[in-house]
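Colleague: What follows is a single structure, and I will ask about it in a moment.
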Amino acid sequence: MIEVKNLSKRFSKNAVLKGINLSIKKGEFISIIGPNGCGKTTLLKILSGLDDHYLGHIKYSKENIRKSFIFQNSDDSMLPWKTVLENTSLGKKISSKKVKTILQKVDLWKFRKNYPYELSGGMKQLLAISRAFVYDSELFLLDEPFSSLDHYMKTNVLKYLLEMWKEKRPTTIMISHNIEDAVMMSDRIIILSERPAKILNIIKIDNPRSKGTLPHFNKYHREVLHTIKRGRVL
Amino acid sequence: MNYKRVIRYVLIPGLFFLVGTLIYYCKVFNPLMFPNPLLVGTEFFRIIILQETLSDMGLTFYRVLIGIAISLVIGIPAGLAIGYFKKLYDSLEFIIDFLRSIPVTALFPLTMLFFGIGDTAKIALAAWLTTTIILVNTSYGVRHLNKSYFNMAKVYNIPKPYFFKNIIFYGSLPHIFSGIRIAISLCIILIIVTEMFIGSVNGLGNAIINAHLAYEIPKMYALIIITGIFGYALNKVASLIEKRVIHWTKQH
């Protein structure tokens, strides 16, 4: 789906990303973990096409891939003057039946006439995620989607995200600070170093997203932690 | 009506009235300059009941309204364009800042040269003043829109007409409305002044200056109060419309 070759990025004099090589298959769920300010969001923005000032090559399997970007702050992707329903379609021609089905699935249909400021943070984030599914996006880019949610809300949003993800299996790249989430959701976890970010390790999860406790959960968890610690020392 | 409203709309104005009466009876000022508030009150109600100023008020209202309407038609699209296209903003910033720094009263003679002393001159001055205000506020609104809306529009490939109408325009509305409120206040001031000094035979400003010239001082006071109520009402209507339209900002 995406081939990233020798990707580097600088902000004036500071190198942010350095020689990133990555190959992402269709339908894969990838998590990116790395220290604060290491360039995770920059990487995501480059992959989404929002930032095109970089060195290196990015090749997509086809042109005009339908992408969705779920911002860290859900308010950033909601038009406060539009209702939930209008925020879902954003002026695109989408069958109302489809919008209804998806909003019903995430229990937001009854709020369709409400405005974003009348929803909780979790509901807004859920709406942003639902929108990506309504658009049939082929590439999901999630920038710490749960970081501003409390535990209960997070569990809820995560549950709906996984349910819908399993149906459509869009290629997904998620930035996360939570190792547990990353291990539970992903096919592969990419661990970045501090600035300038390089890939420290890629951990492949066998039998990902299995019901109940993931076999070897602790092993993966340790491996991620270990890589992060080693990266710090280096 | 709760007691807060009674205080606000009855008690405090009543207190002002009483203080006025006190000033009058203590002869602080010459009674010719500062008449008995009771007399002003009678004059006020006489004017209202006989509807003496209705046509003057109507004409002042008409001039203000046309001035504002012209400024909306020109100022909003121009402001949106200048706010959105950075190059346009960069090239026009100086000249706009310069033009709006010219006190509009300095343009009186020039306007009379072009438009004479009729309604056109007054409305042209009002439109000039309010257009600059609305234009600057609108472009400010666009430039200070949440940048993530632009990212969102780009990632989701939102159709351009929808983007301009529903993101750029709607997003700037709070700033456009604060521009409209400033514009209305200044427009009333300007229209009243032009009615006084640019050969007018009607309008509230003209009525005030006529009362002054005829030395009908209580009437002059009453007309000033009526003009105040007129301005207050216009601002109130504008802010009511604003609250209805921009429902989302009260939440933040």
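The values are calculated or read from the model by the stated rules, or taken from the named source; none is laboratory data. Every value quoted in this text rests on a predicted model; they were computed, and no experiment measured them. Cβ coordinates were reconstructed from backbone atoms using ideal geometry, including for glycine residues, and neighbour counts include every protein chain displayed. These area figures cover heavy atoms from the full protein model, side chains too; ligands, DNA and RNA do not enter into them. Shrake-Rupley method; radii C 1.70, N 1.55, O 1.52, S 1.80 Å.
Colleague: Report, by residue number, each residue of the stretch B:148-176 that is within 33 Å of the chain's Cα centre (by Cα), small (Gly, Ala, Ser) and either surrounded by fewer than 17 Cβ atoms within 10 Å (Cβ to Cβ) or facing chain A (nearest Cβ under 9 Å) (or both).
Modeller: Passing the criteria: only B:Gly171.
Condition check ((1) surrounded by 16 or more Cβ atoms within 10 Å (Cβ to Cβ); (2) within 25 Å of B:Gly231 (Cβ to Cβ)) across all residues:
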site	(1), (2)
B:Ile49	no, yes
B:Ala78	yes, no
B:Tyr89	yes, no
B:Ala106	no, yes
B:Ala127	yes, yes
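Colleague: Against the condition in contact with a strand residue (DSSP E or B) (Cβ under 8 Å, 6 or more places away or on another chain), away from chain B (no Cβ under 11 Å), open to solvent by less than 30 Å² (accessible area, probe 1.4 Å) and within 25 Å of B:Ile167 (Cβ to Cβ), how does A:Ile65 come out, does it pass? Show your work before the answer.
Modeller: Working: in contact with a strand residue (DSSP E or B) (Cβ under 8 Å, 6 or more places away or on another chain): yes; away from chain B (no Cβ under 11 Å): no; open to solvent by less than 30 Å² (accessible area, probe 1.4 Å): yes; within 25 Å of B:Ile167 (Cβ to Cβ): yes.
No, not satisfied.
Colleague: Please go through the stretch A:40-69 and pick out each residue that is within 19 Å of A:Glu138 (Cβ to Cβ) and in a loop (DSSP other than H, G, I, E, B).
Modeller: A:Gly49, A:Leu50, A:Ser61, A:Lys62, A:Glu63, A:Asn64, A:Ile65, A:Arg66
Colleague: Somewhere in the stretch A:39-57, is a residue open to solvent by 80 Å² or more (accessible area, probe 1.4 Å), in contact with a helix residue (DSSP H, G or I) (Cβ under 9 Å, 6 or more places away or on another chain) and away from chain B (no Cβ under 14 Å)?
Modeller: Yes, the conditions are met somewhere in the stretch A:39-57.
Colleague: Evaluate the following for A:Glu163: is it without any contact (Cβ under 8 Å) to a residue 12 or more places away in the chain and open to solvent by 10 Å² or more (accessible area, probe 1.4 Å)? First the steps, then the outcome.
Modeller: Working: without any contact (Cβ under 8 Å) to a residue 12 or more places away in the chain: no; open to solvent by 10 Å² or more (accessible area, probe 1.4 Å): yes.
It is false that A:Glu163 is without any contact (Cβ under 8 Å) to a residue 12 or more places away in the chain and open to solvent by 10 Å² or more (accessible area, probe 1.4 Å).
Colleague: Of (1) within 23 Å of A:Lys105 (Cα to Cα); (2) open to solvent by 40 Å² or more (accessible area, probe 1.4 Å); (3) in contact with a Lys or Arg (Cβ under 7 Å, 6 or more places away or on another chain), A:Thr171 satisfies all except one. Which?
Modeller: A:Thr171 satisfies every listed condition except (2).
Colleague: Filter the stretch A:70-123 down to the residues that are touching a residue at least 60 places away in the same chain (Cβ under 8 Å), assigned to a helix (DSSP H, G or I) and of a type in the set (A, V, I, L, M, F, W, C) and list them by number. Steps first, please.
Modeller: Restricting attention to the stretch A:70-123, the residues satisfying the condition of being touching a residue at least 60 places away in the same chain (Cβ under 8 Å) are A:70-74, A:102.
Of the ones still in play, those that are also assigned to a helix (DSSP H, G or I) are A:74, A:102.
Matches in the stretch A:70-123: A:Ile102 only.
Colleague: Only one of these conditions is not met by B:Gly79: (1) modelled with pLDDT under 95; (2) under 23 Å from the mean Cα position of the chain (by Cα). Which number is it?
Modeller: Exception for B:Gly79: condition (1).
Colleague: Let me ask another. Suppose the filter is within 30 Å of A:Tyr115 (Cα to Cα), of a type in the set (Gly, Ala, Ser), within 14 Å of another protein chain (Cβ to nearest Cβ) and open to solvent by less than 20 Å² (accessible area, probe 1.4 Å); does B:Gly179 pass it? Lay out the reasoning, then the answer.
Modeller: On the way: within 30 Å of A:Tyr115 (Cα to Cα): yes; of a type in the set (Gly, Ala, Ser): yes; within 14 Å of another protein chain (Cβ to nearest Cβ): no; open to solvent by less than 20 Å² (accessible area, probe 1.4 Å): yes.
Considered against the rule, which asks whether it is within 30 Å of A:Tyr115 (Cα to Cα), of a type in the set (Gly, Ala, Ser), within 14 Å of another protein chain (Cβ to nearest Cβ) and open to solvent by less than 20 Å² (accessible area, probe 1.4 Å), B:Gly179 comes out as no.
Colleague: Right, here's the next one. If B:Trp248 satisfies all but one of (1) open to solvent by less than 40 Å² (accessible area, probe 1.4 Å); (2) touching a residue at least 40 places away in the same chain (Cβ under 8 Å); (3) among the aromatic types (Phe, Trp, Tyr); (4) over 20 Å from B:Lys122 (Cβ atoms), what's the number of the condition it fails?
Modeller: Condition (2) is where B:Trp248 drops out.
Colleague: Read through the list (1) among the aliphatic types (A, V, I, L, M); (2) surrounded by 11 or more Cβ atoms within 10 Å (Cβ to Cβ); (3) modelled with pLDDT under 95; (4) in the same structural domain as B:Thr130 (by TED's automatic domain parsing), then give the number of the only condition that B:Ile66 fails.
Modeller: (3)
Colleague: Still on this structure, I have one more. Has the stretch B:33-44 got at least one residue that is surrounded by 14 or more Cβ atoms within 10 Å (Cβ to Cβ) and aliphatic (A, V, I, L, M)?
Modeller: Here is the first cut: in the stretch B:33-44, the ones surrounded by 14 or more Cβ atoms within 10 Å (Cβ to Cβ) are B:34-37, B:39-41, B:43-44.
Of the ones still in play, those that are also aliphatic (A, V, I, L, M) are B:39-40.
Within the stretch B:33-44, one or more residues are surrounded by 14 or more Cβ atoms within 10 Å (Cβ to Cβ) and aliphatic (A, V, I, L, M).
Colleague: Please name all residue pairs, on different chains or six or more residues apart, with Cβ atoms under 8 Å, provided the first residue is in the stretch A:1-28 and is closer than 18 Å to A:Ile189 by Cα and the second residue is crowded, with 19+ Cβ neighbours inside 10 Å and of a type in the set (Gly, Ala, Ser).
Modeller: Close Cβ pairs (under 8 Å, with a partner that is crowded, with 19+ Cβ neighbours inside 10 Å and of a type in the set (Gly, Ala, Ser)) amount to A:Leu17/A:Gly39; A:Leu17/A:Ala197; A:Ile20/A:Ala197.
Colleague: Just checking, how many residues over the stretch A:86-95 are under 20 Å from B:Pro161 (Cβ atoms), surrounded by fewer than 18 Cβ atoms within 10 Å (Cβ to Cβ) and of a type outside the set (Val, Ile, Thr)?
Modeller: 3
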